[in-house]
1. Taking a virtual spin label 7 Å from the Cα of Thr30 along the C-beta vector, which residues in the stretch 69-92 bring their backbone nitrogen under 17 Å of it?
2. For the chain, compute the number of Lys pairs whose alpha carbons are separated by less than 18 Å, excluding pairs fewer than 8 positions apart on the same chain.
3. What Kirkwood hydrodynamic radius do you get for the stretch 2-89 when you take the inverse of the mean 1/r over all pairs of distinct Cα atoms, in Å?
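Values in this text are rule-based calculations from the coordinates and carry no lab data. Here the structure is a predicted model, which is why all the values come from computation and not from measurement. Cβ sites come from the backbone with ideal geometry, for glycine too, and all protein chains shown count toward neighbours.
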Amino acid sequence: MFEKSISAKTSGNFTIHYFASASSFTSKNTETLPAPMKLLELFPVLEKMYPGIKEKVLYSCGVSLDGEYVNVEVDEGMLIGHGAEVAIIPPVSSG
C-alpha cells in the first residue's frame, strides 16, 4: 500500500486494459493515460475520449486498480499513479 501512495504522486503514465465490450467499443485492448489521475475522473476522461462509452459500456463494468476491484464512486479520493494498471471489466455470464 505504501508504494501505491508514492507512485500516485509521481507523474508519468498508467496502463488501462479493456476487456470484452469495452475493448470492442474502444477498438483497443490497452492504452496509456497520464498519471496521476483521480479515480473519480476516470469515467469522464474515457467519455470524452470515446463518446457514449459511459452509457453503453461503463455503467455496468467493474474496475480494478493494480489487481484489486475498486468502486469508482466510493473510492473517489484514490489516485491512479504512474505505473498503475487499471482494468475495465464488463460483466461476465456463464451458460
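1. What the label zone holds, given the 17 Å backbone N cut-off, is 81-89.
2. On the way: Lys4/Lys38; Lys9/Lys38; Lys28/Lys48; Lys28/Lys54; Lys28/Lys56; Lys38/Lys48; Lys38/Lys54; Lys48/Lys56.
Going through the chain pair by pair, I get 8.
3. On the way: mean 1/r = 0.0777 Å⁻¹.
It works out to 12.9 Å.
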